[in-house]
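Any read-out appearing in this document is the output of simple, stated calculations on the displayed coordinates, not a laboratory observation. Computed from a predicted model, the values in this text were never measured in an experiment. Every residue, glycine among them, receives a Cβ derived from its backbone with ideal geometry; neighbour counts consider all protein chains shown.
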Ligand SMILES: Cc1ncc(C[n+]2csc(CCOP(=O)(O)OP(=O)(O)O)c2C)c(N)n1
Ligand SMILES: [Mg+2]
């Protein structure tokens, strides 16, 4: 685990030039490899920082969307932050992560640079996918973050393939795949689970059960709604956890990682959670009661974890306010980076489509 954001690693000493981005990540990875967890509470404060960063970053994204700085699709993760942060803290930097179109939180938890994400959503060349992917296609192989995948469940077979490759290459890494409960009703989910178990590959399947697939509630998509039980059909070890509780998710994810490493087998973790916002920016939310949303907001993982750290005397209210300011500064910097970014020249548009030119 590293402290990239809390320490402001991407500081003024490095130019925000597009040519520099891969180099920045290289240096960043080297720096991270040397870092060690130090003083008591540092890890906990870092996890809180990440959850708060995800929340504020997405609130800013919604704002930029209404200003038409961000166009196209935008799916917010607000309410589900404990899942991305709790699971990712259990992984190493070398582990692979794949996600859905609701992936800003996973990318930030994997330490993707917030400026590169904002620029991507703006469609700017300095974005992590050169502005060609947008919100749903964040990608950066340098930090082992393999999307941002827009097809529901489409990344599950890729996840198993990547884990098989790493097994054959004798790399001691895990491939972690985040997906919604809607994806767990798709054929790819079952095919992926079957092959992962058959080939005994090191995959961590993480189902984010937020109870809705667009406007369709869980009870209308799954005959059997205790999703973790689906692991049994493939003899995959499975567990369901309260996805609104960072401590519970972290513990469950640590246990899952330990299991995968010890047994060289896949694991299925179901995180029961809730999205506080609509499915996307085009959703009138006619399928759920406002009271239900308000009830779930009482389980907000961020104030819950803040209170926990205060009770444990690992953090004061004043320090939380300082953290808010630090996050505000980081997001401001990300917005400036995106605002000042450049548009890809029209003559480059045919590049990286079918040609062999490397991006
Ligand atoms: C194969 C496929 N079918 C339909 C869609 C349209 N679609 C986009 S998101 C979504 C809901 C998926 O819900 P879930 O897996 O629970 O994830 P959540 O959005 O709740 O995070 C659907 C049906 C799609 N992108 N891909
Ligand atoms: Mg869902």
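What the table shows:
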{"quantity": "The range 74-155: Cα Rg divided by the 2.2 N^0.38 Å rule of thumb", "calculated": "0.99"}
{"quantity": "Whole-number percent relative contact order across the range 45-335, with pairs defined as alpha carbons under 8 Å at least 6 apart", "calculated": "22 percent"}
{"quantity": "D (Stokes-Einstein, µm²/s), Kirkwood Cα radius, the range 222-261, 1.306 mPa s at 10 °C", "calculated": "142 µm²/s"}
{"quantity": "Top of 166, 316, 135 by mean-square fluctuation, Gaussian network on the chain, Cα under 10 Å", "calculated": "316"}
{"quantity": "Sum of -39500 (n - 2.57) over DSSP H runs of 4+, divided by residues of the chain (222 nm, nearest 500)", "calculated": "-13500 deg cm²/dmol"}
{"quantity": "DSSP beta bridge pairing in the chain, given as percent antiparallel to the nearest 5", "calculated": "10 percent"}
{"quantity": "Rounded to whole Å, sorted largest first: equivalent-ellipsoid semi-axes of the chain, Cα gyration tensor", "calculated": "28, 25, 23"}
{"quantity": "The range 193-242: radius of gyration over Cα atoms, expressed as a fraction of 2.2 N^0.38 Å", "calculated": "1.27"}
{"quantity": "Relative contact order computed over the range 181-291 (Cα-Cα under 8 Å; 6+ residues apart), in percent", "calculated": "35 percent"}
{"quantity": "Segments 75-83, 305-313, 210-218 sorted - mean Cβ within 10 Å per residue, highest first", "calculated": "75-83, 210-218, 305-313"}
{"quantity": "Directionally averaged projected area (convex hull, Cα atoms, the range 148-191), nm²", "calculated": "3.2 nm²"}
{"quantity": "Cα extents of the range 182-287 along the three principal axes, largest first (Å)", "calculated": "46, 32, 22"}
{"quantity": "Net lengthening on full extension, residue 318/residue 261 (0.36 nm per residue, minus Cα-Cα)", "calculated": "16.5 nm"}
{"quantity": "Residue order, fewest to most surrounding Cβ atoms within 10 angstrom, among 88, 66", "calculated": "66, 88"}
